[in-house]
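Chemist: One structure, as structure tokens, below. Some questions next.
The values are calculated or read from the model by the stated rules, or taken from the named source; none is laboratory data. Predicted, not measured: the structure shown is a model, and the values here were computed from it. All Cβ positions, glycine included, derive from the backbone under ideal geometry; neighbour counts span all protein chains shown. Remember, those area values only see protein heavy atoms, side chains included, never the ligands or the DNA or RNA. Shrake-Rupley method; radii C 1.70, N 1.55, O 1.52, S 1.80 Å.
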Amino acid sequence: MPIAVYVLGLSVFALGTSEFMLSGLLQPVAADMGVSIPTAGLLISAFAVGMVVGAPVLAAATLRLPRRTTLIALLAVFGLGQVAGAVAPSYGVLFASRVVSALACAGFWAVGASVAVSLVPVNARARAMAVMVGGLSIANIAGVPAGAFLGQHAGWRAAFWAVAGLSVVGLIGVIALVPRTEAPTGEDQPRLRAELRIYRDRQVWLALVTTALSGGAVFCLFSYLGPLLTDVAGLDEGWVPTVLALFGVGALIGTMVGGRIADAHLFGTMYGGITASTVVLSVLALTAHSPVAAVGLALLLGFTAFFTAPALNARMFNVANAAPTLAGATTTSAFNIGNTLGPWLGGLVIDAGWGYPAVAWTGAALAGTGIVTTAFAARLHQSRGASRVIVTSPPADSSTTAESLPSSPSRTR
């Protein structure tokens, strides 16, 4: 595997840490900025909104730009966004810095994935994507808990400075080790107008809604997991980084297991994972006052959420086979629509005075709705026949690279 792919994975580690670390920093941020915890939770939604907008827009806008130059520019903007967050004098400035950082993050995903695939032979594309996605999984296991720990002992701004430092390391690596790659031309060049036609297909919208509901169900609860652990389960604040790390461990295991069986049992994986998330969230709502239950269910929630992710990604590519550029961007946007919807609904529930266990019930309701949309999609799929094929790769050859093939790797979360 080229070292440049690992450099991209390191950069994704920084991006993922920034995206999710606020779940462990809501209380100190809220106290410092003089806002409520639900208002601080909107900072998570702000990042998700930036990802929703940035993924398709930047995927389309950078099609004709040099890939390496684009990566450098986006990573630099992301790092500056972290610095702006670290020195933010007000909530408004911090909010704006999150949106800007998210736009850069979305663009990096859209471009970085295509670069990673272009650097390896056809038969190593999945491994290249695994390295990039692995950066996100490790961010959940190590980066997010480390950010929470750093925030507790050195102030929440220190966590932003740390991510800015990681961005500099990634930027240096991209400049030094990622070779120059160009966007596809000629027959391989994506045609945006033709790809936009996929949005006429009901299955594309069902896949988008199901993905958004699945993500929203999990991050409705995950965004407020820190306060739930301390204020409801009665755990000391020092436990928060450990529980976040357990969620990340569950996420990594879930991704590995779900990825192995999703190809053979696509709808079964979707049904099983979303149903399991519904059950876990419901049980957590009932047992949130038990520290043991809260910790154990956080681990299970990480597993069930990420167990479903490979199938959700694959489903979008199956129904959006005519859009090699927009399929991955649409999946990223769908996940982040959920990441926007979930924290917002959770904040409404808390503001209404229903308490943190009610946030888990809200997440369970979203997941339950996802089961319904999956059933509709499965019924429509059966009426149309087998899933369509996106790209049929030629036999693997050591001298053939994916750069010569149209490809749109997806983001697994």
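Chemist: Suppose we filter the stretch 157-189 for residues that are open to solvent by 50 Å² or more (accessible area, probe 1.4 Å), at pLDDT 90 or above and not aliphatic (A, V, I, L, M); how many remain?
Modeler: So the answer is 2.
Chemist: Of the conditions (1) among the hydroxyl-bearing types (Ser, Thr, Tyr); (2) in contact (Cβ under 8 Å) with a residue 60 or more places away in the chain; (3) buried (at least 24 other Cβ atoms within 10 Å of the Cβ), Ser282 clears all except one; give me its number.
Modeler: (3)
Chemist: Moving on. Going by the structure shown, is Gly258 free of Cβ contacts under 8 Å to residues at least 60 places away in the same chain, of a type in the set (Gly, Ala, Ser) and closer than 28 Å to Ala59 by Cβ? Working first, answer last.
Modeler: On the way: free of Cβ contacts under 8 Å to residues at least 60 places away in the same chain: yes; of a type in the set (Gly, Ala, Ser): yes; closer than 28 Å to Ala59 by Cβ: yes.
Judged against the criteria, Gly258 is a match.
A quick yes/no check of all residues on (1) within 14 Å of Ala367 (Cα to Cα); (2) in a helix (DSSP H, G or I); (3) within 18 Å of the chain's Cα centre (by Cα):
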{"position": "Val204", "(1), (2), (3)": "no, yes, no"}
{"position": "Gly216", "(1), (2), (3)": "yes, yes, yes"}
{"position": "Gly250", "(1), (2), (3)": "no, yes, yes"}
{"position": "Gly258", "(1), (2), (3)": "no, yes, yes"}
{"position": "Asp263", "(1), (2), (3)": "no, no, no"}
{"position": "Phe267", "(1), (2), (3)": "no, yes, no"}
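Chemist: Next up: Just a yes or no: is a residue in the stretch 223-231 closer than 18 Å to Ala365 by Cβ, touching a helix residue (DSSP H, G or I) at 6+ places or on another chain (Cβ under 7 Å), crowded, with 17+ Cβ neighbours inside 10 Å and at pLDDT 90 or above?
Modeler: Looking for residues that are closer than 18 Å to Ala365 by Cβ, touching a helix residue (DSSP H, G or I) at 6+ places or on another chain (Cβ under 7 Å), crowded, with 17+ Cβ neighbours inside 10 Å and at pLDDT 90 or above, one finds none in the stretch 223-231, hence no.
Chemist: Another question about this same structure. Could you please find all residues in the stretch 198-228 being closer than 17 Å to Leu348 by Cβ and of a type in the set (Phe, Trp, Tyr)?
Modeler: Phe219, Phe222, Tyr224
Chemist: Can you confirm whether Val52 is closer than 28 Å to Val169 by Cβ, open to solvent by 10 Å² or more (accessible area, probe 1.4 Å) and at pLDDT 80 or above? Talk me through it step by step, then tell me what you get.
Modeler: On the way: closer than 28 Å to Val169 by Cβ: yes; open to solvent by 10 Å² or more (accessible area, probe 1.4 Å): yes; at pLDDT 80 or above: yes.
Answer is yes for this residue.
Chemist: In the set Thr332, Thr400, which member is surrounded by fewer than 24 Cβ atoms within 10 Å (Cβ to Cβ) and modelled with pLDDT under 80?
Modeler: Only one candidate qualifies: Thr400.
Chemist: Follow-up question, since we're still on this one. When you scan the stretch 55-69, how many residues do you find that are farther than 20 Å from Asn336 by Cβ and crowded, with 17+ Cβ neighbours inside 10 Å? Lay out the reasoning, then the answer.
Modeler: Of the residues in the stretch 55-69, the ones farther than 20 Å from Asn336 by Cβ are 63-69.
Subset that is crowded, with 17+ Cβ neighbours inside 10 Å: 63, 67-68.
The number of residues fulfilling the criteria is 3.
Chemist: Same structure, new question: Consider only pairs whose beta carbons are under 8 Å apart and that are at least six residues apart or on different chains; among these, list those whose first residue lies in the stretch 3-25 and is among the β-branched types (Val, Ile, Thr) and whose second residue is open to solvent by 10 Å² or more (accessible area, probe 1.4 Å) and not in a helix (DSSP H, G or I).
Modeler: Pairs found: Val5/Leu119.
Chemist: Tell me yes or no: at least one residue of the stretch 59-76 is at pLDDT 90 or above, assigned to a helix (DSSP H, G or I), more than 25 Å from Leu196 (Cβ to Cβ) and not small (Gly, Ala, Ser). Step through it out loud before you land on a result.
Modeler: Step one: of the stretch 59-76, the residues at pLDDT 90 or above are 72-76.
Filter again for assigned to a helix (DSSP H, G or I), leaving 72-76.
Applying the additional criterion that residues be more than 25 Å from Leu196 (Cβ to Cβ) yields 72-73, 75-76.
Checking which are not small (Gly, Ala, Ser) leaves us with 72, 75.
Taking every residue of the stretch 59-76 in turn, at least one turns out to be at pLDDT 90 or above, assigned to a helix (DSSP H, G or I), more than 25 Å from Leu196 (Cβ to Cβ) and not small (Gly, Ala, Ser).
Chemist: Look at Gly238 and say whether it is modelled with pLDDT under 85, more than 16 Å from Ala375 (Cβ to Cβ) and in contact with a Pro (Cβ under 9 Å, 6 or more places away or on another chain). Working first, answer last.
Modeler: Values: modelled with pLDDT under 85: yes; more than 16 Å from Ala375 (Cβ to Cβ): yes; in contact with a Pro (Cβ under 9 Å, 6 or more places away or on another chain): no.
Judged against the criteria, Gly238 is not a match.
Chemist: I'd like the full set of residues that are open to solvent by 30 Å² or more (accessible area, probe 1.4 Å) and modelled with pLDDT of 85 or more, limited to the stretch 250-266.
Modeler: Passing the criteria: only Ile253.
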